[in-house]
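Notes to accompany the following structure.
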């Protein structure tokens, strides 16, 4: 892809992105100037998302609504803004038809629909079930081709997602258990790793931890397949507690890490035979336990002593550090689906739900997404969109049909998120790191492209501007047209001045009474309007 077309905007790196400023505005119902100053200082100290960790500086609660079910009121109506907000947080973008459908139902009914188990997608190719082996120099080329197929296939699932939170949760879990294809070069292993999350996206967290522990992709990524009783490797044992269940320095010791490493020995990728040229062939889906590599001595882990294996280690973590584990993962869920600044009161209540439901994620998500807290005005438009949320979301909300998933994947990669390459074990920092001066300029450029359909890639795709406008309630009323588009596409209400600027973009100096969607030149003017809307700071949020 020729990235020059959207990386040459030349924005000043010193300029602070307006989207980040908007997202960090003091929340409604906050504690006044002192709270705002504390909030600002904490954000200035934040180099990256805290994810599952608590805030370094305790904050007073900024939103006081709780987990009671949301009931629409005159102050908090069930309207396009809230319906769009719910869908943008749970899907990659909100289509106009989906928002209209949601408005015909109650908020709780819509959440139930989003949490239903959808139809499992077909795989990107029969190769996902083939044994993996190194045979000759062509295998590297095959790996690259198949890895590209896998990324394009995953991108296509985001573009064409069902009315289900599945794809959003799949991405969430792939970020929680981050791996990198530069290390896990086997495309088959990567496919089955992501498939694990897609099939259990609202499943049992404890069981997912066990499944990930012996998945071929994780065994390779954190050196578990090298972990033997003769040479125990602590990489996965450390990350199991630090990044996957408890959080850095929270409830475990270096002795616990060493003991866990010994208990995790014995597992490796499963050898199935040899290739035609004599190199080893490996099962793409299943791991293998080799007793001779397992340390069968007693280990003391979190003050429990026994001949522990990997399942025992996970069970002990969940039994002995129940509150810490539940709080850790609920905090990550909160930061992903509500707001980057953690509300410990809400997180504690979600942790209770998770524990009381034997670690099943579905009740946690159902309670959160149906709650008055989730729908609080202060939480709407405070999430900075990832490249997929912004770019794929823009394609979907403009009703653009395309199967050029390769280009879409490449754009999202250039905007800062390359699938299967989450950085440095910890995953994507997210939040403010999705936006910088150069990335904001790049977002503007690629959003212009999808309106005009002039990207340097085939097949090209773009918006049918007249058809899109005609889908609004009164396309011949310029003010009503703009209001309708904003209601469907932008999470926050704009100021009068912003609205008048958009009106000027649409009319290009003509009087309002001359506007008609059927006149020559209307298509170009609607495109000018849509480009301006997608460039709004508010459009970088959801």
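The values are calculated or read from the model by the stated rules, or taken from the named source; none is laboratory data. The shown structure was predicted, so the numbers you read here are calculated from the model rather than taken from an experiment. All Cβ positions, glycine included, derive from the backbone under ideal geometry; neighbour counts span all protein chains shown.
Per the conditions (1) more than 29 Å from residue 400 (Cβ to Cβ); (2) in contact with a strand residue (DSSP E or B) (Cβ under 8 Å, 6 or more places away or on another chain); (3) in the same structural domain as residue 244 (by TED's automatic domain parsing), the sole criterion not satisfied by residue 181 is (1).
For segment 135-249, the helices (runs of 4 or more DSSP H) that sit wholly inside it and include 2 or more residues that are at pLDDT 95 or above and farther than 27 Å from residue 390 by Cβ are 187-199, 205-213, 216-221, 235-239. Scanning segment 395-424 for residues that are closer than 17 Å to residue 183 by Cβ and surrounded by fewer than 17 Cβ atoms within 10 Å (Cβ to Cβ) turns up 421, 423, 424. Here residue 93 meets each of (1) outside any loop (DSSP other than H, G, I, E, B); (2) in contact with a helix residue (DSSP H, G or I) (Cβ under 8 Å, 6 or more places away or on another chain) with one exception, condition (1). Going by the structure shown, is residue 174 touching a helix residue (DSSP H, G or I) at 6+ places or on another chain (Cβ under 8 Å) and not assigned by TED's automatic domain parsing to the domain that holds residue 241? Taking the combined requirement at face value, the residue does not satisfy it. What residue, among those in segment 379-433 that are at pLDDT below 95 and under 12 Å from the mean Cα position of the chain (by Cα), is nearest to residue 185 (Cα to Cα)? Checked segment 379-433; the qualifying residue nearest to residue 185 (Cα to Cα) is 422.
Restricting attention to segment 233-256 and to residues that are touching a residue at least 60 places away in the same chain (Cβ under 8 Å) and out of contact with any helix residue (DSSP H, G or I) (no Cβ under 6 Å at 6 or more places or on another chain), the residue that is nearest to residue 214 (Cα to Cα) turns out to be 240. Being buried (at least 22 other Cβ atoms within 10 Å of the Cβ) and more than 14 Å from the chain's Cα centre (by Cα) is the requirement here; does residue 456 meet it? It is false that residue 456 is buried (at least 22 other Cβ atoms within 10 Å of the Cβ) and more than 14 Å from the chain's Cα centre (by Cα).
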